[in-house]
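The values are calculated or read from the model by the stated rules, or taken from the named source; none is laboratory data. Bear in mind the structure is a predicted one, so any value in this text is a computation, not a measurement. Please note: Cβ atoms are built from the backbone with ideal geometry, for glycine as well, and neighbour counts cover all protein chains shown. Ligands, DNA and RNA are stripped out before the accessible areas are found, and what is left, the full protein with its side chains, is counted by its heavy atoms. Shrake-Rupley method; radii C 1.70, N 1.55, O 1.52, S 1.80 Å.
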Amino acid sequence: MTGAGRFILAIAAVAAVWAAVAAPAAAEGRVPLPVLAAGKGDKCVEPTDIMRRYHMEYLKHQRDETVHGGIRGAKHSLVDCIECHAVPDTAANGVRTIRPFCDQCHEYAAVTMDCFGCHTPKAADATEGPTQ
Amino acid sequence: MTETREPRSHDAVDRVRRRVLAAAATFAGAALAPGVRLISPAPAEAATGPVTDKVRWGILIDTNRCDDCDVCVEACKTENGWHGHGRPRTDPQWIRKVTLHDRQTGATHDLPLMCVHCQYPPCEDVCPTGASFRRADGIVLVDKHTCIGCRYCMMACPYKARSFVHEDVTDQKSYMPRGKGTVESCTMCVHRVDSGRIPACVEACGGTDGKGAMVFGDLNDPESDISREAGRHMVTRIRADLGLDPGVLYRGI
């Protein structure tokens, strides 16, 4: 066998081994699915599958009612989301924020959210203030 | 060849109808998201609202009692979480103290100045996105969800009451969201008013460190403190010539 023939055989062998190792990994997906921690209490304000798909609609609907109509204390409030789903956040020096909870799915789906440019992601016990 | 068909029984027709109806129902359910109902029931668990035009909130400031103290400004900063960065030309400022000088007599006079919550707000007129708006109860606000930061409202406001947020904000209060790229101003402490309390500046002015120069209340209610006070003494509306009908009234200037 010539040198070139041996080289081609070696390449083929390496490719076969790589394919055997890589194939199962590709079947499982390259990015692991997000695993969400359960929030406080028994259940969310809506069923979980509904919240996963429509939470942005609920928030948007209620934000308009609150800002323009002064309707406060209703069911779908961002402050309440934060209250139940805030966890210690290493990016915020261990303060409880909702960012880790939101980021898991939003990073997976590559969807950017602007909520926390203005709203604080911190839980109520982590924000100081004279009044609420 | 002729084919004779047995007429379908009513049961068979009903089965077909049921399938069509079921398919239609599934389609309707998919098209109309759960949160987006055509007729939404009023949220029964809501604590407040919706606000109505039965009330018109206002503040009356007696400038004869006001002096060079700034507890109202400090109370506003603490309550709403805004502060300067040592750059007076661009720092946010929801309420400021102004000193008037009489050049002929040398006398001076102090008063706080903030958004006066006009009945006919020019900021609302010029806003291209509808972000500047007047709530039914007379409080003029910026909906920061729709504000694009064009600052037309700042140019239109004759009271220079609005500020643009030039820098990232990280220490917001949960009840008062603020963020870079939006315009903001006095909200008459809308979160407090909605829960039946008075604005932070008025509360501070009436406290031990204040001078008791501010009265908050409903201008539509003739029995309210502010209406009685406004009916007893002449009040001044700053730039009354513009006909904007401000909700913040002054006495003594």
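Distance from the alpha carbon centroid of the stretch B:77-138 to that of the stretch A:64-99 works out to 29 angstrom.
For the stretch B:131-175, what does the alpha-carbon gyration tensor say about shape, rounded, prolate or oblate, given a ≥ b ≥ c as the root eigenvalues, a/c under 1.5 as rounded, and a/b over b/c as prolate? Because a/c hits 1.5 or more and a/b fails to exceed b/c, the stretch B:131-175 counts as oblate. How high is the FRET efficiency between B:Arg65 and B:Cys150 when r is their beta carbon distance and R₀ equals 30 Å, given to the nearest 0.05? E(calc), rounded to 0.05, equals 0.20. Extending 7 Å from Cα along the Cβ direction at A:Ala91 and again at B:Glu167 yields two label points whose distance is 2.2 nm.
Candidates B:Tyr175, B:Asn220, B:Cys201 compared by Cα position along the dipole of the stretch B:159-253: farthest toward the positive end lies B:Cys201, with charges placed on Cβ.
Please list, by residue number, everything in the stretch B:119-136 whose backbone N is under 17 Å from a paramagnetic label point 7 Å out along Cα→Cβ of B:Arg239. Flagged as within label range: B:119-127, B:132-134. Pairs exceeding 24 Å between alpha-carbon atoms, taken from A:Lys40/A:Lys122; A:Lys43/B:Lys173; A:Lys43/A:Lys75; A:Lys60/B:Lys173: A:Lys43/B:Lys173.
What's the FRET efficiency of B:Lys180 with A:Asp64 using the Cβ-Cβ distance as r and R₀ = 25 Å, to the nearest 0.05? Calculated transfer efficiency: 0.70.
B:Asp209 sits with roughly 110 Å² accessible to a 1.4 Å probe, with DNA, RNA and ligands left out of the calculation.
Segment B:Arg197..B:Thr129, full-extension length gain: 21.4 nm, with 0.36 nm per residue of separation and the alpha-carbon distance subtracted. Once the Cβ-Cβ distance of B:Asp91 and A:Glu46 is raised to the sixth power relative to R0 = 45 Å, the FRET efficiency obtained is 0.60. When the label point is put 7 Å from the Cα of A:Asp80 along its Cα-to-beta-carbon vector, which residues of the stretch A:28-51 have a backbone N closer than 17 Å? Once the point is set 7 Å along Cα→Cβ of A:Asp80, A:39-51 turn out to lie under 17 Å by backbone N, inside the stretch A:28-51. Other protein chain C-beta atoms within 10 Å of residue C-beta, averaged over A:57-68: 5. What does the charge add up to near B:Pro122, with Lys and Arg as +1, Asp and Glu as -1, over the other residues with Cβ less than 14 Å from its Cβ? Computed value for this residue: +1.
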